[in-house]
Amino acid sequence: MKRRFDKYFPWVFTLSDFFASLIALIICLVALNYFGYLQSTTISSLFPLSLLWILISSLRKDYKIGRTDEFEYTLKRLLGTLVWFIGAATVLWLPLRTPNLQLISIIGLTSGMLILMGSFRVGLHMVLRQYRVQGNNYRNAVIIGKGGTSPKLADVFRIRKEFGINFLGYFDNQADCSLTRGGVDSFFDQAHDLDLDLIYIHEKLDEPLVKKIIDFADENYIKVKMIPGGSLQLEKNLSFSRYGDLFVINVNDIPLDNTLNGLAKRSFDIVFSALVIVFILSWLIPLVGLLIKFESRGSVFFIQKRNGINNNVFNCLKFRSMTPNDYGDTKQAVKNDPRVTKIGAFLRNTSLDEMPQFINVFLGDMSIVGPRPHTVPMNQTFKTQIHRYNSRHKIRPGITGLAQIRGFRGEIENPHQIKSRVKLDAFYINNWTFLLDLGIMVKTVHELLFNRENAY
């Protein structure tokens, strides 16, 4: 089952995905019927929807599950397919269009399909991995050139059996370990007997030799991959740019550099913040404003200069929670801070003082999720103390973030706290996904309800 598997798997995937989508649609329909939606819809009318799902899934080639792909990639592809499916279903499927656009039905269908098909796709991915662990659907591979990161790659093949890569050994002129099959020249003599699928080339091999290996691989239908050196073995995904016939590696690209990713995040920010402004801030601002005015003189809002994307300074909005003072930018709030008013203490304890920042989100100064912005003076201090501190300004700052849900919120009492924040911010920036944002938002709500220890 070395190569035949790849021939049959797309058909197995498509057939199983069809039945899984049909079952998921039936479950969604039953659930929506229970709550009084889509009651005139019959189960038989769901077959065209399943065919639509398979058409979109096939066109997007969801059946191509790479042997080194993680579960997150599977969910990311599913999310893209689901967006196309819901958009097409909303236009083409009559029950969603009559008598009016049924927003609740669309949201329910989207949520149900995301959960059910997500579970199926991840489950199928897990089965595929286990199938490879058992020694099936494998690929024979060799590494030409030992040293640097080559042994680490060999260790990955040995440890990550689910990748299904059968490592046959090295070809190197100097190495003499037990896995060395011979010198580089002997590769060309032995290759035909090894039934090779993959060749990994050490980056420091001479250019003429690399070209000779690639030409040989092309003639024998073998895939070739280059192993980057230690300086490029970074904890991020590398991408490439093409300049005519020359390719260069983009070392520090981040997911939000991708136009579609940035558009998706910004679109969500605009829609979500607009809903908050219309349905919550429209009455919350007058109410809280009156309470603030009754207790102390001063403005309703506390407007503070903070550093945003690309270190640009913006006016960050908060409900004023302190008596007017000259230390708002330089002195952090501490427990039992005498500057905090009574209504201010309530606002800070419930985090309601941060609600006006949804206006900042709508205006484009902030995002709902991202690194928390610091004041300009604090920024000036931290960037001299923390290595690569300014890298957290690659994206818009957020109302909440990964560091905040991991316990690093509120007052910064020691260097460990700010260093931990910066590390978590860097992880978020380099590993952003829409699902990560949703997870952080859900966790933030949990923290607001059950963990108020550092809110003061």
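The values are calculated or read from the model by the stated rules, or taken from the named source; none is laboratory data. Remember, predicted model here, so these are calculated numbers, not experimental data. Quick reminder, even Gly has a Cβ in these numbers, built from the backbone with ideal geometry, and neighbours come from all protein chains shown. Areas reflect the complete protein model, heavy atoms only, side chains present, ligands, DNA and RNA absent. Shrake-Rupley method; radii C 1.70, N 1.55, O 1.52, S 1.80 Å.
Quick look at the numbers
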read-out: Considering residues of segment 132-151 that are in contact (Cβ under 8 Å) with a residue 12 or more places away in the chain and part of a helix (DSSP H, G or I) only, the residue most open to solvent (accessible area, probe 1.4 Å); value: VAL133
read-out: Residues (among the polar types (S, T, N, Q) and either surrounded by fewer than 11 Cβ atoms within 10 Å (Cβ to Cβ) or assigned to a helix (DSSP H, G or I) (or both)) located in segment 170-219; value: GLN174, SER178, SER186, GLN190
read-out: Residue in segment 439-449 that is within 18 Å of PHE301 (Cβ to Cβ) and either polar (S, T, N, Q) or open to solvent by less than 40 Å² (accessible area, probe 1.4 Å) (or both) present; value: no
read-out: Close pairs (8 angstrom Cβ cut-off, 6 or more residues apart or separate chains): in contact (Cβ under 8 Å) with a residue 40 or more places away in the chain in segment 368-384, part of a strand (DSSP E or B) and surrounded by fewer than 19 Cβ atoms within 10 Å (Cβ to Cβ) anywhere; value: THR375/GLN304; THR375/LYS305; VAL376/LYS305; VAL376/VAL313
read-out: First in segment 420-436 and closer than 15 Å to TYR389 by Cβ, second anywhere and part of a helix (DSSP H, G or I) and open to solvent by 20 Å² or more (accessible area, probe 1.4 Å), Cβ under 7 Å, 6 or more apart; value: ALA426/SER391; ILE429/LYS394
read-out: Contacts under 7 angstrom Cβ, first residue in segment 193-218 being closer than 19 Å to ILE165 by Cβ, partner part of a helix (DSSP H, G or I), 6 or more apart; value: ILE199/ILE213; ILE199/ALA217; TYR200/LEU153; ILE201/VAL210; ILE201/ILE213; HIS202/SER150
read-out: Failed item in (1) under 28 Å from LEU347 (Cα atoms); (2) more than 23 Å from the chain's Cα centre (by Cα); (3) open to solvent by less than 20 Å² (accessible area, probe 1.4 Å), with ILE386 passing the rest; value: (1)
read-out: Qualifying position, being surrounded by 17 or more Cβ atoms within 10 Å (Cβ to Cβ), part of a loop (DSSP other than H, G, I, E, B) and either among the hydrophobic types (A, V, I, L, M, F, W, C) or under 27 Å from the mean Cα position of the chain (by Cα) (or both), among LEU38, LEU25, LEU52; value: LEU38
read-out: Where a residue in segment 62-88 is part of a loop (DSSP other than H, G, I, E, B) and its partner, wherever it lies, is open to solvent by less than 50 Å² (accessible area, probe 1.4 Å) and aliphatic (A, V, I, L, M), with Cβ under 9 Å and at least six apart; value: ASP62/ILE56; ASP62/LEU78; ILE65/LEU124; ILE65/LEU128; ARG67/LEU128; ARG67/ILE165; THR68/ILE165
